[in-house]
Structures are given as C-alpha cells and as structure tokens.
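The values are calculated or read from the model by the stated rules, or taken from the named source; none is laboratory data. Quick caveat, the model's predicted, so the values are computed rather than measured. Don't worry about glycine lacking a Cβ; one is built from the backbone with ideal geometry, like all the others, and counts go over all protein chains shown. Calculation scope for accessible area: heavy atoms of the full protein, side chains included, ligands and nucleic acids excluded. Shrake-Rupley method; radii C 1.70, N 1.55, O 1.52, S 1.80 Å.
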Amino acid sequence: MASLRYLPLGQIHVSFGDVYLMPGVANHRLTLPVQVTSTWLDNPQSNTQALLTGTFWAEQPTFRWLAGLEPQVVTLRSYAAGEELVVSLTDDQLVSLERARGRDDVVLRLKLQATLLAPPDGVHPVAHEELPVRILRTRWQELLDLAGTEVGVLVRVPSPLTDSALSPPPAASDDDVASLAQAAARLRQARDELRDQQWEHCVATCRKVLENIARLVTLPSAKSVADTPAAQRTQDQRWAAIYWDVKGMTHAAHHDGGTTEGFSWSRADAEAIMAATAGLLRRYTQR
C-alpha cells in the first residue's frame, strides 16, 4: 500500500491488487488494479480529482529506469474506489525482465506521484511515494503465457555507438574496416530488411556482419577445422565450424541480381541466419 500525505489535509491510500497483462502487437499493457481512498472526504457523496503519474524502475540485476506510468486522473472518495495503473512494455522489455530475474520473482520499484487538481488553500498539491512492486515468479510465468506467440525469442547483442576497444588488424579498405559498431549497425540493417520482407537482402547483410567478426577476432581457419575430425576438435574449432558453416550458407545471397540459382529464401531462412549471426557476434565480441 502507498500513502500519500497532504498536510494538514489528510492522506490518499492506494492499495494494489494482482497485476495482469494485456497482450498487444510488440507492445503490451501491464496493469495494476488499485483501490484508492481519501481520508479527508467525510461523506459518500463528496469527491475530488487527482492526477496519478510515476515511473517504474527495474531492480534486477541493477536499478534502472524501465518505463513511465500512463497518466491517470482518478476520482477520490471517502471509500475505496477501483482504478487501474497502466505501464506499456515492449517485447524487448518483457524478455529483459525475464532474463534478469533468473529464478526469482520480478521486482519493480514504482515512484508514484499524485497531484490534487483542486487543492484547498494552503495545501501543497503534490505528494510522492516510492514502493516495491513484486510479481511472484508463478504469476509472472502466467503473464508471459498470456503474451504467447506475440513475443518472440530475443537474442540481445550489445550495440555500441562507437568502435570497440579491440585492436583489429588493418582493414583492406574503408568499407571493410573492423568495427564492432559497424557490425552492430549492419545487424540492425538486417533486422530492418527482415521486417520489410527482403529475405535475400537480410541474409546478404548478415554475411557482412560475419565478415566483420573475422576482422575483429582471430578464428581457426576453415581448412584447419575441416582437416580435424569432428570428435577431436577443440572448443574454439567447434565454434569456428559453426561460423564457417553459417557464413558458407550466406554465400548464396552475397551477389546482387536476384535469387541465387537453386535457392529460394523464406522468412524462416532469414530469421535462422540472423539469429545465428547475432549469436556469433555476441559470442566472439563479448568476453
């Protein structure tokens, strides 16, 4: 429960119920049912209005801003009146919360503000309260089940806005410069091409990302991998085998001029290549 004080007027009590989730298209509404009571209103017929605003912060794994509460005008009465507090969360935010909680409950922190729209003379109209909002692990899993197929599996690759601190070998040209920022930008380009249903272009752009990986880190050569029996390969060689296989697959979309003979790229193909490329980029550049 939150108690917002307005001296010498009284308090607004806000008690919280169980959260629920309304699935949307890449964006979802997390709703907190609340019961709101005003202590200074003395009969059931009297009422006044207040504006509720606030921000949600995620406490796991570190304290970080999550989203803003949708502003809500509520009618205050002498008895508990039902209202809803709503925050919008994207697919990425849901997946990030799920990853951060590990095996624990989801713990959020709500910084709530209530502003009286018609305050009595001498009363400061704004009050604040900060409180934890805990979503039990079992309830959280139920909420994710509600989202169902509306939420895809996210492969998160840190996307720097500047070049990495790695010391890459000299590049053959400005177009081929070894840059983690450039690789991440091309991965975003591939994602945009996927959304635009340009399957072949998406795969071709993924090839450029893979080429950049080889400039950023030293990989076992394709020949050394092929010459070593699979059961005898080191861990680095096995990762390199995945890299060379994925890169070899993207060769078919490397050249302009239409679909490569014998290849017909689909959404599923492009999604698989992009997921594999994103995973390899993260694995080879995040130590």
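With respect to Val14, determine if the residue is closer than 17 Å to Arg139 by Cβ, in contact (Cβ under 8 Å) with a residue 12 or more places away in the chain and of a type outside the set (Asp, Glu). Before you say what the answer is, go through the steps one by one.
Details: closer than 17 Å to Arg139 by Cβ: no; in contact (Cβ under 8 Å) with a residue 12 or more places away in the chain: yes; of a type outside the set (Asp, Glu): yes.
No, not satisfied.
Can you pull out every residue in the stretch 1-12 that is of a type outside the set (A, V, I, L, M, F, W, C) and either open to solvent by less than 50 Å² (accessible area, probe 1.4 Å) or outside any loop (DSSP other than H, G, I, E, B) (or both)?
From the stretch 1-12, those of a type outside the set (A, V, I, L, M, F, W, C) are 3, 5-6, 8, 10-11; that's our starting set.
Passing the criteria: Ser3, Arg5, Tyr6, Gly10, Gln11.
Among the residues of the stretch 31-71, how many are within 25 Å of the chain's Cα centre (by Cα), outside any loop (DSSP other than H, G, I, E, B) and not aromatic (Phe, Trp, Tyr)? Steps first, please.
Going through the stretch 31-71, the residues within 25 Å of the chain's Cα centre (by Cα) turn out to be 31-33, 53-71.
Narrowing further to those that are outside any loop (DSSP other than H, G, I, E, B): 31-33, 53-58, 64-69.
Now restrict to residues that are not aromatic (Phe, Trp, Tyr): 31-33, 53-55, 58, 64, 66-69.
Adding up the residues that qualify gives 12.
Can you confirm whether Val95 is of a type outside the set (Ser, Thr, Tyr), part of a helix (DSSP H, G or I), within 25 Å of the chain's Cα centre (by Cα) and within 28 Å of Arg139 (Cβ to Cβ)? Give the derivation first.
Values: of a type outside the set (Ser, Thr, Tyr): yes; part of a helix (DSSP H, G or I): yes; within 25 Å of the chain's Cα centre (by Cα): yes; within 28 Å of Arg139 (Cβ to Cβ): yes.
So Val95 fits the description; yes.
Yes or no, residue by residue, for (1) surrounded by 19 or more Cβ atoms within 10 Å (Cβ to Cβ); (2) free of Cβ contacts under 8 Å to residues at least 60 places away in the same chain; (3) aromatic (Phe, Trp, Tyr):
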position	(1), (2), (3)
Arg188	no, yes, no
Lys208	yes, yes, no
Trp239	no, yes, yes
Trp265	yes, no, yes
Ala268	no, yes, no
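Which one of these is touching a residue at least 12 places away in the same chain (Cβ under 8 Å), among the hydroxyl-bearing types (Ser, Thr, Tyr) and either farther than 20 Å from Gly10 by Cα or out of contact with any Leu (no Cβ under 7 Å at 6 or more places or on another chain) (or both): Thr53, Thr62, Thr90, Thr48?
Values: Thr53 fails: either farther than 20 Å from Gly10 by Cα or out of contact with any Leu (no Cβ under 7 Å at 6 or more places or on another chain) (or both); Thr62 fails: touching a residue at least 12 places away in the same chain (Cβ under 8 Å); Thr48 fails: either farther than 20 Å from Gly10 by Cα or out of contact with any Leu (no Cβ under 7 Å at 6 or more places or on another chain) (or both).
The conditions single out Thr90.
Report, by residue number, each residue of the stretch 13-56 that is in contact with an Asp or Glu (Cβ under 9 Å, 6 or more places away or on another chain), open to solvent by less than 60 Å² (accessible area, probe 1.4 Å) and of a type in the set (A, V, I, L, M, F, W, C).
Val14, Leu21, Ala26, Leu32, Val34, Val36, Leu52 - these are the residues of the stretch 13-56 that are in contact with an Asp or Glu (Cβ under 9 Å, 6 or more places away or on another chain), open to solvent by less than 60 Å² (accessible area, probe 1.4 Å) and of a type in the set (A, V, I, L, M, F, W, C).
Which helices (runs of 4 or more DSSP H) sit wholly inside the stretch 180-284 and have at least 2 residues that are touching a Ser or Thr at 6+ places or on another chain (Cβ under 9 Å) and at pLDDT 85 or above?
On the way: elements: 180-195, 199-216, 222-226, 235-250.
Counting at least 2 such residues, we get 180-195, 199-216, 235-250.
Is it the case that Val74 is without any contact (Cβ under 8 Å) to a residue 60 or more places away in the chain, among the aliphatic types (A, V, I, L, M) and open to solvent by 10 Å² or more (accessible area, probe 1.4 Å)?
Values: without any contact (Cβ under 8 Å) to a residue 60 or more places away in the chain: yes; among the aliphatic types (A, V, I, L, M): yes; open to solvent by 10 Å² or more (accessible area, probe 1.4 Å): no.
When the stated conditions are applied, Val74 does not pass them.
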